[in-house]
Amino acid sequence: MKKILLLFVFLAASSWMMAQRTVTGTVTDTGGDPLIGANVIALGTTVGTITDIDGKFTINMPAGNNTIVVSYIGYEDQTIDATGLSNVSIAMHEGTLLEEVVVTALGISRDEKSIGYSVQQISSNSIREANTVSAIDALAGSAAGVQVTSSNGAAGASSRIILRGQTSFNGDNQALIVVDGIRLDNSEFHTERSLGGVSNSNRGIDINPNDIASMSVLKGAAATALYGIEGARGVILITTKKGSKNQPLKVELSSSMGISNVTNITPLQTKYLQGSGGVWQGPDTGQSGSWGPSVDNAYWDGSDYKYDKNGRIIIVEDGVVPTGATKFVPYDNVADFFKTGYAFNNNLAFTGGQKFLGYRLSLGASNNYGITPNNKFDRYNAGLSLEGTGFDNKLTLGSTINYINSGGQRIQQGSNVSGVMLGLLRTPISFDNANGLENAADNVSSYQFPDNTQRNYRGGGGYDNPYWVVNNTPFNDNVNRLFGNISASYTFTPWVKISALFGTDVYTDNRVQRFEIGSRAYPAGRVIEDNYNYKHIDQFYRVSGNGYLNTNFSLGYDAGINLYSESLKNASITGDGLNFFGFPKIGNTSDQASLVSNSQLKTAGVFGTVDFGYKDYLYLTLTGRNDWSSTLINPNAEFDAGAISFFYPSVSLSLDLAEAFKISYLDYCKLRASYAEVGGGAPGAYSTSTAFILPTQNAGTVNDVNDGWTNGIGFPYSGVSGFVYSAVAGNPKLKPSKTKELELGADIRFLNNRVGLDLAYYKRKSIDQIIAINIPYSTGFQRAIVNSGELATVGGEIILSLTPVKTKDFEWNLISNFSKWKTTVESLPEGVNNQYLDGFTGTGVYNIAPLKDEDGNIIEKYEYGQLFGNPFQRVNTSEGTFDPDMPYNPDGALIIDDNPNSASYGFPMADPNQRIIGNPNPDYLLGITNNFSYNNLNLSFLIDIRKGGDIWNGTKG
């Protein structure tokens, strides 16, 4: 019986094997390189396999089935009739699916449908069409949830980039920038911040837009969870252009020019001359006000007058005009000051490759001339990228290196007595800053008398003449920077790939700020030499793999370690009191004071991600990262790794309904959901312990230790330096702030992908904020740094893409990005009513604690960063008066000071109480991009709309 059964099984197996047949083959791209991990299945069955490291496969085809289907991310599916064939060669073609491959955290490329969170990718074409000096500015209006704010219109000015609102109390809410997998420093260091100074560039401006292949905007916590302690602010992933193997030399030359003009000039009154209370008071008096007599009765007398070539101003009230007098015509100082700005961008690139090596060499020059005289910014880039393969494409080696030289001459900004705008806007209509001269910025007589004293509307006092500013208070900077990486990877099988990435970013930033004798900020003159030396090293060591467990289930993983170190050294020397005019150098100053500071930090992280896929329509991704930071180490206690260890998890899910349920009228319909926890950045170096510092400087000459009763002791004393405890107490229990976020979304496309709608909703909380609070002086300190306070953000995004017209020769594409969010202050530390962020000490930008009733219940919450200060008094009583103890009435009539003996006579009176006076946050953001193409001709334009947001006016009129 056993023999008969065995014979039966043998015959059945033989019959089954004879019914099958084996097909082998190779899958490559169009260049002949093997594609590893391509999915190969028999049509209509669950029989399948994946290609190996050489792109080879073997599949046992069921009886009667001769059709093979091959799929690979970024390529069009290929269907092959294998009738009568035992070996096939399949070349995969890049197609429309290539646009659906998205670069995600740590440079991992994934199919768009497998991602369970919002990612928006900006192409190199969009960046090029934006034609901006800074690659960061190219994102304005181009992606939902992205707020790009330029500090001012000066050439080389900084730009801030915020993704989905704020997550931190400390004001550093800008997105992390990553280039080819390596973090890029985007700091904006300030020189002479106390007086406003200039708008320094943040270092993102050093990136050459012409070298960018794509930018991925990672907005949510799930998208950035693999960056752990640095993930809360969002991430901008930049992938640069590379060469391709087996390609002939290709030379690209691009040139562009941009023009900028002032379109909206601040409206100023043109009815009253310099003076006060209707009385004329000219430059000789030093009067600052512009409430003198009316222009209707004003004349020039034609006399010789050093402040005006037309003579002195006289007021004719009896109608009898003196002989030789001419009618006064108001000067338009603002319109005459600004000029047309120009930006010239040129780039030359060489791209190509041999059998085992691809290369790209890029040379760029950007020369920018601002809308104010003598303002310029230049940037010169050189970049080299190499990538080679070996051992049958199992080994890949690559390197990218970039050198940048940038800098120029900058102009003193607004809130600054030596600033351009303060003097420009406050100059009355009766004074000509240009002194009647053409090209006034190039003619010293417009702003300076022969004795080298300043010519301005207040007789040399008050605020600087704008033409004096652009010539006698120059700020020059010069940055030399080198950043790049070296990478290596080896693929053993599709399931095992090891890789290493080593990157660095090194630069020096040398600055010189000069204030000539007679400048209002420093009448005796001042020179500041400020030098920054920055360096960081970023290292990744990883193992990864992916493939199909069977024809239904796919699996991918990536795990590794990240080591990061950073150092910053700042050395500055300030010289006060120039010995003589015309030589603003450190060697020409009477007193010098120097300061050197050093800061270092290190972080280490381990991370991992696992991606599960089911039938190419359902995906689950789990990630985790644990970080350790050196800035959290308590130097006064035994080292405890657990005390500086923080874990950040995420989970995301995506479902393609159109694929799952075969919905014919939908091209694509993905639902997504995610939850993640990320860090807001470790505290700054040396925050966990109380530092020793130099005693407070006294007039910039000696360091004093004062007991409050005597004159104290000046250091150095007998050649010995002295140090004191900082007034800010260190906190050994500090930890990073944490952001928790839930995100839901949908991505729908139909009508052959001519209509697309991407929706996102997110809700997050940022807790354990790092904030400095006042503490009792009895502790021996004035302030302490603590973890306390919470922010909450709720927001949504709508991305609409349309192709209204598409013919053989003409196509019109439209993309609209709508964003709206609200970040509220949920709590501040106990006893803290407001937190100063920026601005003036009296009126500025503050975080305001929620308003509570007597029982401690919250009545009202306020958005992040309110304008807070002393508003004008307005009628808020039935008697037509103002009562500071009554609720403020923003619509009430202004209360005018009617006391003729008061310094503010005739002006609105200030409320003695500080209040919220405005909200600078926009109501929503909207970017609309239109692109028209006709054969080889392309036209595109972008409309960037920011609705709402208050602006504070610092003047009284």
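Here are the numbers for this structure:
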| item | result |
| --- | --- |
| Members of the stretch 819-843 found to be within 12 Å of R915 (Cα to Cα) and in a strand (DSSP E or B), listed by number | N834 |
| When residues of the stretch 403-414 are limited to those that are touching a helix residue (DSSP H, G or I) at 6+ places or on another chain (Cβ under 7 Å) and of a type in the set (G, A, S), the one surrounded by the fewest Cβ atoms within 10 Å (Cβ to Cβ) | G414 |
| Where M61 falls short, out of the listed (1) in the same structural domain as I205 (by TED's automatic domain parsing); (2) farther than 30 Å from K763 by Cα | (1) |
| Residue selected from the stretch 261-277 under the condition among the hydroxyl-bearing types (S, T, Y) and surrounded by fewer than 17 Cβ atoms within 10 Å (Cβ to Cβ), by the criterion farthest from T340 (Cα to Cα) | T270 |
| Qualifying position, being at pLDDT below 90, more than 40 Å from the chain's Cα centre (by Cα), more than 30 Å from L800 (Cβ to Cβ) and part of a loop (DSSP other than H, G, I, E, B), among S902, S878 | S902 |
| Test: residue in the stretch 217-237 that is part of a strand (DSSP E or B), under 19 Å from the mean Cα position of the chain (by Cα) and either within 24 Å of G364 (Cα to Cα) or free of Cβ contacts under 8 Å to residues at least 12 places away in the same chain (or both) | yes |
| The stretch 820-831, residues that are hydrophobic (A, V, I, L, M, F, W, C) and more than 10 Å from G789 (Cα to Cα) | W821 |
| Residue list for the stretch 421-452, filter: of a type in the set (A, V, I, L, M, F, W, C) and part of a helix (DSSP H, G or I) | M421, L422, L424, L425, A440, A441, V444 |
| Residues being farther than 21 Å from D768 by Cα and of a type in the set (V, I, T) - total across the stretch 785-830 | 6 |
| Qualifying positions in the stretch 858-874 - under 18 Å from I951 (Cα atoms), more than 25 Å from the chain's Cα centre (by Cα), part of a loop (DSSP other than H, G, I, E, B) and not polar (S, T, N, Q) | P871 |
| Single residue of L894, L925 found to be surrounded by 15 or more Cβ atoms within 10 Å (Cβ to Cβ), at pLDDT 90 or above and either under 25 Å from G141 (Cα atoms) or outside the structural domain of Q147 (by TED's automatic domain parsing) (or both) | L925 |
| So N889, is it surrounded by 12 or more Cβ atoms within 10 Å (Cβ to Cβ), modelled with pLDDT under 95 and part of a loop (DSSP other than H, G, I, E, B) | yes |
| The stretch 113-131: number of residues that are assigned to a helix (DSSP H, G or I) and more than 20 Å from the chain's Cα centre (by Cα) | 3 |
| Filtered residues of the stretch 648-684 (kept if exposed (fewer than 14 other Cβ atoms within 10 Å of the Cβ) and free of Cβ contacts under 8 Å to residues at least 24 places away in the same chain) | F661, K662, S664 |
| Qualifying positions in the stretch 351-375 - surrounded by fewer than 20 Cβ atoms within 10 Å (Cβ to Cβ) and either assigned to a loop (DSSP other than H, G, I, E, B) or among the charged types (D, E, K, R) (or both) | Q354, K355, F356, I371, N374 |
| Positions within the stretch 619-632 being surrounded by fewer than 18 Cβ atoms within 10 Å (Cβ to Cβ) and in contact with an Asp or Glu (Cβ under 9 Å, 6 or more places away or on another chain), in sequence order | L620, L622 |
| Residue that is under 34 Å from the mean Cα position of the chain (by Cα), surrounded by fewer than 17 Cβ atoms within 10 Å (Cβ to Cβ) and of a type in the set (S, T, N, Q), where the choices are N787, N774 | N774 |
| Where V845 falls short, out of the listed (1) touching a residue at least 60 places away in the same chain (Cβ under 8 Å); (2) within 30 Å of G292 (Cα to Cα) | (2) |
| Among residues of the stretch 844-857, those that are assigned to a loop (DSSP other than H, G, I, E, B) and surrounded by fewer than 18 Cβ atoms within 10 Å (Cβ to Cβ), counted | 6 |
| Scope the stretch 92-114; condition over 18 Å from D77 (Cβ atoms) and modelled with pLDDT under 80; matching residues | none |
| In the stretch 357-412, the residues that are under 30 Å from D442 (Cβ atoms) and of a type in the set (V, I, T) | I371, T372, I411 |
| Evaluation of D509 against (1) assigned to a strand (DSSP E or B); (2) surrounded by fewer than 19 Cβ atoms within 10 Å (Cβ to Cβ) (one fails), failing number | (2) |
| Count of the stretch 274-332 residues which are touching a Pro at 6+ places or on another chain (Cβ under 6 Å) and within 12 Å of Y457 (Cβ to Cβ) | 3 |
| Residue ranges of strands (runs of 3 or more DSSP E) in the stretch 1-62 with at least 3 members in contact with an Asp or Glu (Cβ under 6 Å, 6 or more places away or on another chain) and at pLDDT 80 or above | none |
| Any pair with Cβ under 9 angstrom, 6 or more apart, that starts in the stretch 724-738 at a residue that is touching a residue at least 24 places away in the same chain (Cβ under 8 Å) and surrounded by fewer than 17 Cβ atoms within 10 Å (Cβ to Cβ) and ends at one that is part of a loop (DSSP other than H, G, I, E, B) and hydrophobic (A, V, I, L, M, F, W, C) | V724/L694; Y725/A691; Y725/F781; S726/A691; S726/F781; A727/F781; P732/I633; P732/A637 |
| Unique match (being within 36 Å of the chain's Cα centre (by Cα) and more than 27 Å from R426 (Cβ to Cβ)) among P884, P890, P922 | P922 |
| All strands (runs of 3 or more DSSP E) inside the stretch 591-679 with 1 or more residues being within 20 Å of S766 (Cα to Cα), of a type in the set (A, V, I, L, M) and out of contact with any Leu (no Cβ under 6 Å at 6 or more places or on another chain) | 668-679 |
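The values are calculated or read from the model by the stated rules, or taken from the named source; none is laboratory data. Quantities reported herein were computed from a predicted structural model and do not represent experimental measurements. Ideal geometry is used to build each Cβ from the backbone, glycine not excepted, and the neighbour counts take in all protein chains shown.
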